[in-house]
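Please treat every number below as a calculation from the coordinates, not as lab data. Everything quoted here is computed from the prediction, not taken from an experiment. So basically every Cβ, Gly included, is an ideal-geometry build from the backbone, and we count neighbours across all protein chains shown.
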Amino acid sequence: MVERLIASGYLRSQRVIDAMLTVPRHLFVPEELASQAYSDEPLPIARGQTVSAPHMVAIMCEALEVESSHRVLEVGAGSGYHACVVSLLAAEVYSIEREAELAELARRNISRAGCCGRVEVVTGDGTLGYPEKAPYHRIYVTAGAPEIPQPLVEQLAPGGKLLIPVGSRLGQELLLVEKLESGELRTQKIIDCVFVPLIGRHGWKS
Ligand code: SAM
């Protein structure tokens, strides 16, 4: 899987390559789908949700340029796979998931994969961020939003970066928002994408 992601140009930096080589994706998918765990596709987990395709995890990790001193917020824990990969790049990861059943699944998976010391999974509406541990050097959202939730911008540290899919329910643009030291925001499009909807106070209503 990793060799194919390198050959396709999705994986470039050694730190991200090492992190994706380390985390066993088959521990994050239902047992009956374990044989498909290393193909480059999203897979169903539970509650109608999916673990993102490996190339999307690679694109997001490369775009975020996470450093080993960083505190990171993930919105949308799902299976816990993406948070586990990022935990190998960062100092600490907080992941907020609106579905209690998925938050529990993510905790179990993360623990089985041995990343539990560096990731805390919280149940709640991630469109509100997680002010308890703010500010964050990096924030990324793994569900598609109608617009950028203001609380996430507020909880981003100066110099920090936010990665979020923004658009309609059918398709989005993955946006990288940089908060300059002055507080000004600079936004760049990374790629077109399709994510499940971000549901919450500052997301879709249902
Ligand atoms: N990162 C995940 C992984 O590695 O398995 C994949 C996440 S899945 C594509 C998107 C997740 O976002 C779903 O688990 C969904 O329940 C969650 N979600 C949607 N709206 C949310 C919200 N407002 N707050 C937190 N999580 C939310």
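What are the semi-axes of the equivalent ellipsoid of the chain, taken as the square roots of 5 times the eigenvalues of the Cα gyration tensor, listed largest first and rounded to whole Å?
Here the semi-axes work out to 23, 19, 17 Å.
Could you run the Karplus curve 6.51 cos²θ - 1.76 cosθ + 1.60 with θ = phi - 60° over segment 167-181 and give me ³J(HN,Hα) per residue in whole Hz, x for Gly and Pro?
x, 8, 6, 8, x, 9, 10, 7, 9, 10, 10, 9, 9, 6, 4
Under the 0.36 nm per residue contour assumption, what length would be gained going from the current alpha-carbon distance of Ser182 and Ala157 to full extension?
Working: separation 25, 0.36 × 25 = 9.00 nm, distance 1.10 nm.
Length gained, Ser182 through Ala157: 7.9 nm.
Distance from a point 7 Å along Cα→Cβ of Met1 to each backbone N in segment 48-69: keep the residues under 14 Å and list them by number.
51-59
Apply the Karplus curve 6.51 cos²θ - 1.76 cosθ + 1.60, θ = phi - 60°, to the phi angles in segment 76-84 and return the couplings in whole Hz, x for Gly and Pro.
Going residue by residue, I get x, 6, x, 7, x, 4, 4, 4, 5 Hz, with x marking Gly and Pro.
If you put +1 on each Lys and Arg Cβ and -1 on each Asp and Glu Cβ, how big is the dipole of the chain around its Cα centre, in Debye rounded to 20? Numbers along the way, then the final one.
Details: 20 positive and 25 negative charges, 15 e Å.
Magnitude of the dipole: close to 80 debye.
Express as a percent, rounded to the nearest 5, the fraction of DSSP beta bridges in the chain (both residues included) that run antiparallel. Walk me through the numbers on the way to the answer.
On the way: 17 of 38 bridges.
Antiparallel bridges: around 45 percent, rounded to the nearest 5.
What shape does segment 1-79 have by the C-alpha gyration tensor, where a ≥ b ≥ c are the square roots of the eigenvalues, rounded means a/c under 1.5, and otherwise prolate means a/b greater than b/c and oblate the rest? Show your work: numbers first, answer last.
Numbers: a/c = 2.03, a/b = 1.31, b/c = 1.55.
Oblate, because a/c is 1.5 or more while a/b does not exceed b/c.
Expressed in nm to one decimal, what extension gain is obtained for the pair Lys189 and Glu147 from 0.36 nm per residue of sequence separation less their Cα-Cα distance? Walk me through the intermediate numbers first.
Details: separation 42, 0.36 × 42 = 15.12 nm, distance 1.38 nm.
The Lys189-Glu147 span can extend by a further 13.7 nm.
Go through the cysteines of the chain and tell me which have no other cysteine Cβ under 4.7 Å away.
Those would be Cys61, Cys116, Cys193, since no other cysteine Cβ in the chain comes under 4.7 Å of theirs.
What lysines does Lys179 reach when the alpha-carbon gap must be under 25 Å and sequence neighbours fewer than 8 apart in one chain are set aside?
Lys133, Lys161, Lys189
From the phi of every residue in segment 57-66, what ³J(HN,Hα) in whole Hz does the Karplus formula 6.51 cos²θ - 1.76 cosθ + 1.60 yield, where θ is phi - 60° and glycine or proline is x?
4, 5, 4, 5, 5, 5, 5, 7, 6, 6
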